[in-house]
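Some notes on the structure that comes next.
The values are calculated or read from the model by the stated rules, or taken from the named source; none is laboratory data. Predicted, not measured: the structure shown is a model, and the values here were computed from it. Quick reminder, even Gly has a Cβ in these numbers, built from the backbone with ideal geometry, and neighbours come from all protein chains shown. Surface areas here come from the heavy atoms of the whole protein model, side chains and all, with no ligands, DNA or RNA. Shrake-Rupley method; radii C 1.70, N 1.55, O 1.52, S 1.80 Å.
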Amino acid sequence: MVEMTVESVRINLQTSQRVVILKATKQERYLFIWIAHAEAYAIAIELQGTSSPRPLTHDLLKNVIGDLGAKIESIVISDLIEDIFYARIVLDVDGRHVEVDSRPSDAIALAVRAKTPIFVEESVLERAGVALETNEEP
């Protein structure tokens with residue numbers, strides 16, 4: 001698995017589609033995941049350090065998990081099937097390892113709130129990742 005961070009949330013001005021861009025922490029590899037408006041907003045608001053007057057859905061989920069005594073360990077973008085990304089939220093519930101199926105956008109919105117690591121399976125990066133080409137000469 002490759003650890004990644006949220007590099008940014010962007011919008012295509014022609015189509016109004018939103019994309020979250022993940023960047024590998026130790027290399028120049030990126031993963032672009034197209035997401036819905038609500039999740040893009042939820043991720044962006046947290047990245048900007050602002051908040052909503054009332055808890056958004058992802059704030060609620062984070063609060064419920066914490067109030068029930070569980071801890072969000074990480075999230076994993078685990079698969080890519082027919083151009084659809086899959087994710088898991090990895091929890092520690094009183095020492096018990098629990099994984100919950102999730103849309104990547106929801107998992108990422110939760111991870112930025114809980115400040116937990118984001119991992120992507122190598123097989124997903126091999127199929128959908130982008131590596132920047134360097135034009136440096138030796």
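Remarks
- Positive-end ranking of GLY129, LEU68, MET1 along the dipole of the chain, with charges on Cβ about the Cα centre, is headed by LEU68.
- Carbon and sulfur %, accessible surface of segment 20-127 computed with the full protein complex present, 1.4 Å: 53 percent
- For the chain, size of Cβ-based charge dipole, Lys and Arg +1, Asp and Glu -1, in debye: 560 debye
- Alpha-carbon centroid distance for the pair segment 27-104 / segment 7-21, whole angstrom: 18 Å
- For the chain, accessible area per residue (1.4 Å probe, heavy atoms of protein chains only), Å²: 62 Å²
- Residues listed by number, segment 32-49, amide nitrogen under 16 Å from ALA128 label point at 7 Å toward C-beta: 32-37, 39-40
- A Gaussian network model of the chain, with springs between Cα atoms under 10 Å, assigns the largest mean-square fluctuation among VAL20, VAL120, VAL64 to VAL64.
- Modelled label positions at LEU47 and LEU13, each set 7 Å beyond Cα in the direction of Cβ, lie 1.8 nm from each other.
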